[in-house]
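Contents: one structure, followed by commentary.
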Amino acid sequence: MDIKGKVHEISPVITVSEKFKKRELILEYAENPTYPEFVKFEAVQDKVNLFDNIKVGDQVELFFNLRGRAWTDKMGKTSYFNTLAVWRINPLGSGSSAQAAPEYAAPVDISSAPDDDDLPF
């Protein structure tokens, strides 16, 4: 799966145990710019380095796997957890340059156009 958005936050590397480390990234996803979504992604083990060259405000494309698991507590109640595990990231540019103006056709000088058309208006 993939998604494009603006980097909102990047955590430092979190060492959970001597054999496990992770890093989180919050992506501002604006399918509807009026109501942006803030989605948490996670990189684990050797993938934590993927976020080293990314900074807050950058436009990126994230490639990730959707993972889910069940966990049963001591009382027998089962809870379910989802993880968005990043495996690749493509920088698309910084926040300001990614919002560059769209390209339009060059303006046309209509004052020099002949006025001999037969349009009714």
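Here are the numbers for this structure:
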quantity: Identity of the residue in the stretch 1-60, in a strand (DSSP E or B) and of a type in the set (Gly, Ala, Ser), that ends up surrounded by the most Cβ atoms within 10 Å (Cβ to Cβ); calculated: Ala43
quantity: From the options Gly68, Gly76, residue that is out of contact with any helix residue (DSSP H, G or I) (no Cβ under 7 Å at 6 or more places or on another chain) and on the phi > 0 side of the Ramachandran plot; calculated: Gly76
quantity: Filter result for Glu42 (of a type in the set (Asp, Glu) and at pLDDT 95 or above); calculated: yes
quantity: Among residues of the stretch 1-55, those that are touching a His at 6+ places or on another chain (Cβ under 7 Å) and either in contact (Cβ under 8 Å) with a residue 40 or more places away in the chain or over 15 Å from Trp87 (Cβ atoms) (or both), counted; calculated: 3
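The values are calculated or read from the model by the stated rules, or taken from the named source; none is laboratory data. Treat the numbers as computed from the prediction; the structure is a model and nothing was measured. Please note: Cβ atoms are built from the backbone with ideal geometry, for glycine as well, and neighbour counts cover all protein chains shown.
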